[in-house]
Amino acid sequence: MTKHKAKRQSNKATQKVLPDISKLSKVSPTKIPKGKKSKGTKQERVNWKLLGFSSLGIILLIVLAYGNSFLNDFVFNDHSNVKLIDKPDLFWLSLWSQAAMQPLAVPWFISTYAWDTQWFGMSPVWFHVVNVCLHITTCFYLFLLVFRLAWLLKSDGRLRVNPYHVAIAATALFACHPLTSGAVAYISGSAGP
């Protein structure tokens with residue numbers, strides 16, 4: 001093999017590996033695909049009436065499930081927690097000193113006893129009513145959170161179930177689950193789940 005033939009074969013090999021630069025200027029830039037747009041369909045809107053009736057249904061479910069706790073008396077360590085409030089000056093002083101050493105939730109939780117006593121007296125009915133109202137508030141926020149997540153998943157096409165049904169089922173399960181009954185029916189259990 002001569003030097004010229006070997007040189008031509010090596011040039012052909014490099015031409016096959018390297019692209020032709022003159023063709024690159026004619027190539028259009030890569031297009032980034034945008035989100036799917038469905039033609040002819042409207043954006044689904046939130047049905048506020050259904051959302052409101054669902055919330056009222058959850059509230060009714062909670063009141064039916066925990067309404068019997070309104071007639072209960074103080075039990076277990078409810079007496080010791082509520083008797084802390086008999087001496088208000090000492091109570092608030094000890095509460096502020098505990099706030100520096102414990103997590104912020106503990107003094108807030110204990111101060112609710114003082115507010116309940118100040119507003120409603122030592123009647124256990126009002127302590128139970130406040131616990132049920134706190135549980136209703138928690139369930140309402142859970143309902144909104146689950147509804148929003150289900151709504152986003154449905155709009156992305158990753159969920160085929162109605163978001164209203166998902167939110168109602170999840171909230172009803174949480175509202176009446178036996179593990180949450182201790183936090184609602186038991187006065188000192190309001191710091192629970």
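Checking the condition open to solvent by less than 50 Å² (accessible area, probe 1.4 Å) and closer than 28 Å to PHE70 by Cβ, which residue from VAL166, VAL125, VAL132 passes?
Among VAL166, VAL125, VAL132, only VAL132 is open to solvent by less than 50 Å² (accessible area, probe 1.4 Å) and closer than 28 Å to PHE70 by Cβ.
Please list, ordered by first then second residue, the pairs with beta carbon atoms under 6 Å, 6 or more apart or interchain, first in segment 169-180 and polar (S, T, N, Q), second open to solvent by 60 Å² or more (accessible area, probe 1.4 Å) and not in a helix (DSSP H, G or I).
Pairs that qualify, where the first residue is polar (S, T, N, Q) and the partner is open to solvent by 60 Å² or more (accessible area, probe 1.4 Å) and not in a helix (DSSP H, G or I), are THR180/PRO193.
Which one is nearest to SER69 (Cα to Cα), of the residues in segment 145-163 that are open to solvent by 60 Å² or more (accessible area, probe 1.4 Å) and outside any loop (DSSP other than H, G, I, E, B)?
Within segment 145-163, the match that is nearest to SER69 (Cα to Cα) is LEU145.
How about segment 171-184: which of its residues are part of a helix (DSSP H, G or I) and open to solvent by 40 Å² or more (accessible area, probe 1.4 Å)?
LEU173, PHE174, CYS176, PRO178, LEU179, SER181
The values are calculated or read from the model by the stated rules, or taken from the named source; none is laboratory data. From a predicted model like this one, the values you see are computed outputs, not experimental measurements. With ideal geometry, Cβ positions are generated from the backbone for all residues, glycine too; neighbour counts draw on all protein chains shown. Calculation scope for accessible area: heavy atoms of the full protein, side chains included, ligands and nucleic acids excluded. Shrake-Rupley method; radii C 1.70, N 1.55, O 1.52, S 1.80 Å.
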